[in-house]
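Visitor: Take a look at the following structure, please.
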Amino acid sequence: MDTNLVVYNTLTRKKEKFEPINPPFVGMYVCGPTVYSDVHLGNSRTFISFDIIYRYLAHLGYKVRYVRNITDAGHLEGDRDEGEDKFAKKAKLEKLEPMEVVQKYTIGFHDVMRIFNTLSPSIEPTATGHISEQIEMVKEIIDNGYAYEVGGTVYFDVEKYNKDYPYGQLTNRKLEDLLEGTRELSGQDEKKGRLDFALWIKAKPETLMKWPSPWGWGFPGWHIECSAMSTKYLGETFDIHGGGMDLQATHHTNEIAQSQACNNTTPVKYWMHTNMLTVNGARMSKSAGNGFLPRELFTGDHPLLERGYSPMVVRFFMAQSHYRSTLDFSNEALQAAEKGFQKLIKAGETLHKLTAASESTVTINEIKTKCYQAMDDDFNTPVLIAHLFDLVRIINSVNDGKEKLSQSDLEEAKKLYQSFVFDVLGLQQELLESTENSGLTGDLIDLILNLRLEAKKNKDFATADKIRDELTEKGVKIKDTKDGFEWEIE
Ligand code: AMP
Ligand code: ZN
């Protein structure tokens, strides 16, 4: 299988031709959410970016196994294997069992993903569901000489590892520089080296989430879950590993070290990282308190928001920037995105009403080539959108009678629109709130109106009128035409 796709690899800091290990299969692992609180809009940006990447790979014909984990254990407050367990802390605060916390925020995450029209991953494994795999991996790393146990806690020996493999490779840093930037060990520290990190952590008497292990009761460190689950579901070496850029220096650097130390092979061919969503230039994060929730964005119920914006407008806003660029949130940018999105969707409606001419005065093929070139160039969605607006201009000119499209070009334009607007960018035609609340979708309205057409053909005018009245009540304006019907939302 041959495509022209080129991806930027964080590991080599270069754009590389995408050549999967075992085409047409592609293994893709994305670090999922830590479910001790609601996902904010920044997290959503990362997952929406990988959704578009997943969609485009599938569109090109790759058979993608997309694994996105749920982190439901093993997260301490500090990055240094210390502090309180975030799940236990939240459980105490909300007077819930830790697994109730996990359940609540996993459901919330899924709701947000559905509202943003992201496709479900092929496998969504949880850290708590893979404790034995993590223990096995830790055992293997100890056996291979890259980890050691101190009083029930197991640490990864970074300096030992670095003698055999380049530890800071992902962020292009040498061990000496990393050591320089890290606090000296104190007399109380158990670890041997100051960069060493925990693979397994001994439980304290008050620890709520703990499991038996060869080193006593404890729980996994933050990074081992992703090494264990990616190896289990995608193999020792797989194609794509992704996550937000903030994960490069610690989480992904440690993941590479663990997997290499366990499996004696480089785990990932292409490392891909999304850039951050910022608010007034500062990264949106749970801890900074500037992380507003998707639900607040939709309702407008947040001091930073002038009003609410619909999920598809937000998705379009995100697609307007490249996944490796920062994206700064502002009301003005969202309002501009709203106008752009509506223009794009309206042109799609117009496209389906156009009639073909005997010959075309404009060409669709050129735009199609440019759309593929944009996405082949490391998933360049802003350039893709610019080309889609060339298509919008053509559609509107044909509608105004200034240009013409032949039957085959018209079909090509419809295919192009469907492929890139709906299938790849994952946008959906939105209905107004009145119909959203009633559960009606465009497809459903078409289906009901076709049934009404049937009823009319069978001279069952009572049913036909009832359908019309009920849809009208729900805000759907129906116009009977020579060939059937047209409708719009009032
Ligand atoms: P977390 O739930 O904190 O583990 O984060 C889930 C994902 O969201 C990770 O891949 C993070 O890198 C990513 N992420 C966190 N903050 C942001 C942000 N402001 N913009 C984009 N992605 C983010
Ligand atoms: Zn991870």
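Every read-out reported here was derived from the displayed coordinates using simple, explicitly stated rules and does not represent laboratory data. Not measured: the values here are computed from a predicted model. Here the Cβ positions follow ideal geometry from the backbone for every residue, glycine too, while neighbour counts run over all protein chains shown.
Visitor: 5 Å is the cut-off here: which amide hydrogens, built 1.01 Å from N in the peptide plane, fall below it relative to THR126, excluding neighbours closer than 5 in sequence?
Guide: For THR126, whose amide H was placed from the backbone, the distant partners under 5 Å are ILE70.
Visitor: Taking a ≥ b ≥ c as the square roots of the eigenvalues of the Cα gyration tensor of the range 367-410, is the shape rounded (a/c under 1.5), prolate (a/b larger than b/c) or oblate?
Guide: Because a/c hits 1.5 or more and a/b fails to exceed b/c, the range 367-410 counts as oblate.
Visitor: Each residue of the range 8-15 in order: what ³J(HN,Hα) in whole Hz does its phi give by Karplus 6.51 cos²θ - 1.76 cosθ + 1.60, θ = phi - 60°, with x for Gly and Pro?
Guide: Result, rounded to whole Hz: 7, 9, 4, 5, 9, 6, 9, 7.
Visitor: Here's another thing I want to ask about it. For the range 6-274, give the magnitude of the charge dipole about the Cα centre (Cβ charges: +1 Lys/Arg, -1 Asp/Glu; no others), in debye to the nearest 20.
Guide: Its charge dipole is roughly 740 debye.
Visitor: Pop the C-beta distance of THR361 and ALA288 into the FRET formula with R0 = 60 Å and round what comes out to the nearest 0.05.
Guide: 0.65
Visitor: Nothing charged except the Cβ atoms of Lys and Arg (+1) and of Asp and Glu (-1): what's the magnitude of the dipole of the range 112-237 about its Cα centre? Round to the nearest 20 debye.
Guide: That gives the range 112-237 a dipole magnitude of about 280 debye.
Visitor: Based on the alpha carbons, how large is the Rg to Rh ratio for the range 6-274 when Rh follows Kirkwood?
Guide: Ratio of gyration radius to Kirkwood radius: 0.95.
Visitor: Let me ask another. Looking at the range 6-274, what % of its DSSP beta bridges pair antiparallel, to the nearest 5?
Guide: Antiparallel bridges make up about 50 percent of those DSSP assigns within the range 6-274.
Visitor: I've got another one for you. Select from GLY221, ALA455, TYR309 the residue farthest towards the positive end of the dipole of the chain; place +1 on Cβ of Lys and Arg, -1 on Cβ of Asp and Glu, and compute about the Cα centre.
Guide: ALA455
Visitor: Residue farthest toward the positive end of the dipole of the range 271-392, with Cβ of Lys/Arg at +1 and Asp/Glu at -1: which of TYR372, LEU351, MET318?
Guide: Highest projection toward the positive end goes to MET318.
Visitor: Output the antiparallel fraction of DSSP beta bridges having both residues in the chain, as a percent to the nearest 5.
Guide: Among the beta bridges of the chain, antiparallel pairing accounts for roughly 50 percent.
Visitor: So how far apart, in nm, are the two label points at PHE25 and ASP446 if each is 7 Å from Cα heading toward Cβ?
Guide: Computed distance between label sites PHE25 and ASP446 equals 3.5 nm.
Visitor: Next question, about the same structure. Over the chain, what is the relative contact order in percent, taking alpha-carbon pairs closer than 8 angstrom and at least six residues apart?
Guide: Dividing the mean separation by the residue count of the chain yields 15 percent.
Visitor: If R₀ is 25 angstrom, what is the calculated FRET efficiency for the pair THR265 and ARG183, using the beta carbon separation as r and rounding to 0.05?
Guide: Efficiency, rounded to the nearest 0.05: 0.15.
Visitor: If a helix is a whole DSSP H run, which ones in the chain reach 20 Å or further along their own axis (Cα) and hold a mean Kyte-Doolittle hydropathy of at least 1.0?
Guide: Flagged H segments are 381-399.
Visitor: Beyond 32 Å between alpha-carbons counts as too far, so tell me which of LYS339/LYS404; LYS15/LYS163; LYS14/LYS414; LYS346/LYS459; LYS370/LYS474 fall in that bin.
Guide: LYS14/LYS414; LYS346/LYS459; LYS370/LYS474
Visitor: Just to confirm the filter: which trypsin sites (Lys or Arg not before Pro) across the range 439-490 are DSSP coil and have at most 14 other Cβ within 10 angstrom of their Cβ?
Guide: LYS459, LYS482
Visitor: Across the chain, what fraction of all alpha-carbon pairs, as a whole percent, falls in each successive 20 Å bin from zero upward?
Guide: 21, 48, 25, 7, 0
Visitor: Amide H neighbours of GLY218 under 5 Å, counting only residues 5+ apart in sequence or on other chains, H built in-plane at 1.01 Å?
Guide: Under 5 Å from the amide H of GLY218 lie the amide H atoms of ALA203, TRP211, SER213, each far enough along the sequence or on another chain.
Visitor: Given H placed 1.01 Å from N in the peptide plane, which residues other than close sequence neighbours of LYS404 have an amide H under 5 Å from its amide H?
Guide: For LYS404, whose amide H was placed from the backbone, the distant partners under 5 Å are THR361, VAL362.
Visitor: Rounding to the nearest 20 debye, state how big the charge dipole of the range 1-133 is about its Cα centre with +1 on each Lys and Arg Cβ and -1 on each Asp and Glu Cβ.
Guide: Dipole size: approximately 540 debye.
Visitor: Here is a follow-up. Rounded, prolate or oblate for the range 1-155? Axes are the square roots of the Cα gyration tensor eigenvalues, ordered a ≥ b ≥ c, and the cut-off for rounded is a/c under 1.5.
Guide: In terms of gyration-tensor shape, oblate.
Visitor: I'd like the projected area of the range 254-400, averaged over all directions, using the convex hull of its alpha carbons. Report it in nm² with one decimal.
Guide: Averaged projected hull area, Cα only: 13.0 nm².
Visitor: Right, next: With unit charges on the beta carbon (Lys/Arg positive, Asp/Glu negative), name the residue among HIS59, GLN103, LEU384 whose Cα is farthest towards the positive pole of the charge dipole of the chain.
Guide: Positive-end residue among those listed: LEU384.
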